[in-house]
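Here the structure is laid out as structure tokens; the discussion comes afterwards.
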Amino acid sequence: MKNTIQLIKNHSSVRSFKDEPLSDEVKTQLLDAAKAGSSSHFIQATSIIEITDKQIKNELADLSNSAPYIKTTGSFFVFIADLYRDAEILKTNHQSLAAVANMEALIAGVVDTTIAGENMALAAEALDLGICFIGGIRNDLQRVSELLKLPKFTVPIFGLTVGIPNQRSEIKPRLPKANTIFQNQYDFKAATDLRKYTKKTAAYYAERETNQQDVNWTQKMQEFFAEPSRQDVADFIREQGFRP
Ligand SMILES: Cc1cc2nc3c(=O)[nH]c(=O)nc-3n(C[C@H](O)[C@H](O)[C@H](O)COP(=O)(O)O)c2cc1C
């Protein structure tokens, strides 16, 4: 077992996998790790669906725009913020569903689900496997929901590909602590003085081994936030019964 902190710091997403399934034993370890995370008020508002059906996997891969690495990954899991169980408990007890339908419950579900996902990712990396989160499943939440037969009070948050890496990428330089870690109060100046990081990321994108680009992180953010993305997410959440 590697040193845990070093393992965390060595993370990089893998987007090229050997076309080999994971053993049941490995999958059990990954799922146990996912389920061991903290949970807000112990509501455990997460379900994980392993996608073993080739047709469903292919459709999820295509709609996610991440086809090559989802189709060949060892295993693909979809992580779902899930308050359906709680809603059913309340219904059986003839209680109002208002408390599972509100924004606070939804945030708790999204946080629980994210903790479970990162736990699985770290467990996979500890086993020398590679992972990539796939937010691309939110490109078409309606279709994902149909494919996975999701009930009300559930929202798919991301997929997670886990497999044997063909190739690992370099570690991406993170925003410096000077821009992101503060004491006692928010530091407006430090948060936005991105000159060093802009320079560092320009060098990273220009010099990395694959997919070299003449760009820096600041420009990437300008491009990414030029248009709002996935504008139907809010409608989907409301259709699922949430009243944020
Ligand atoms: C919630 C979430 C969703 C993501 N969705 C995708 C995705 O759909 N496709 C993809 O290729 N990478 C996806 N990523 C991976 C990020 O692009 C990646 O983590 C980021 O560029 C940092 O690179 P690193 O993980 O190699 O350090 C996602 C990451 C997170 C946390």
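The values are calculated or read from the model by the stated rules, or taken from the named source; none is laboratory data. In this text, all values refer to a predicted model and were calculated from it rather than measured experimentally. Don't worry about glycine lacking a Cβ; one is built from the backbone with ideal geometry, like all the others, and counts go over all protein chains shown. SASA here: full protein model, heavy atoms, side chains in, ligands and nucleic acids out. Shrake-Rupley method; radii C 1.70, N 1.55, O 1.52, S 1.80 Å.
E207 contributes an accessible area of around 140 Å² to the protein surface, as traced by a 1.4 Å probe with all chains present. Put simply, the amide H of F158, placed in the peptide plane, has neighbours under 5 Å in F79, leaving out anything fewer than 5 places away on its chain. The share of accessible area on the chain that comes from carbon and sulfur is 52 percent, using a 1.4 angstrom probe.
Among the listed pairs K35/K152; K18/K199; K35/K149; K35/K57; K71/K200, those whose Cα-Cα separation exceeds 27 Å are K18/K199; K71/K200. Projecting the Cα atoms of V110, A234, L175 onto the charge dipole of the chain (Cβ charges, centred on the Cα centre) puts L175 farthest toward the positive pole. In the context of the full set of protein chains, segment 4-170 has a per residue accessible area of 50 Å² (1.4 Å probe). Report the relative contact order of segment 4-170, percent, no decimals, based on alpha-carbon pairs under 8 angstrom and at least 6 residues apart. It rounds to 38 percent for segment 4-170. When the trypsin sites (Lys or Arg not before Pro) in segment 143-189 are filtered for DSSP coil states and for at most 14 other beta-carbon atoms within 10 Å of their beta-carbon, the remaining sites are K149, R168, R174. For segment 107-168, chymotrypsin sites (Phe, Trp or Tyr not before Pro) meeting the loop criterion (DSSP other than H, G, I, E, B) and having at most 12 other Cβ atoms within 10 Å: none. Look at the Cα gyration tensor of segment 166-215: its axes a ≥ b ≥ c give a/c of at least 1.5 with a/b at or below b/c, and that counts as oblate.
Look at the Cα gyration tensor of segment 94-204: its axes a ≥ b ≥ c give a/c of at least 1.5 with a/b at or below b/c, and that counts as oblate. Ranking of E125, E20 by solvent-accessible surface, largest first: E20, E125 (1.4 Å probe, protein heavy atoms only, all chains present).
Basic side chains Lys and Arg get +1 at the Cβ, acidic Asp and Glu get -1 at the Cβ, and with that the dipole of the chain about its Cα centre reaches some 680 debye. Once the Cβ-Cβ distance of H11 and A36 is raised to the sixth power relative to R0 = 22 Å, the FRET efficiency obtained is 0.70. Per residue of the chain, what 222 nm ellipticity follows from adding -39500 (n - 2.57) for every DSSP H run with n ≥ 4, rounded to the nearest 500? Result for the chain: -13000 deg cm²/dmol, rounded to the nearest 500.
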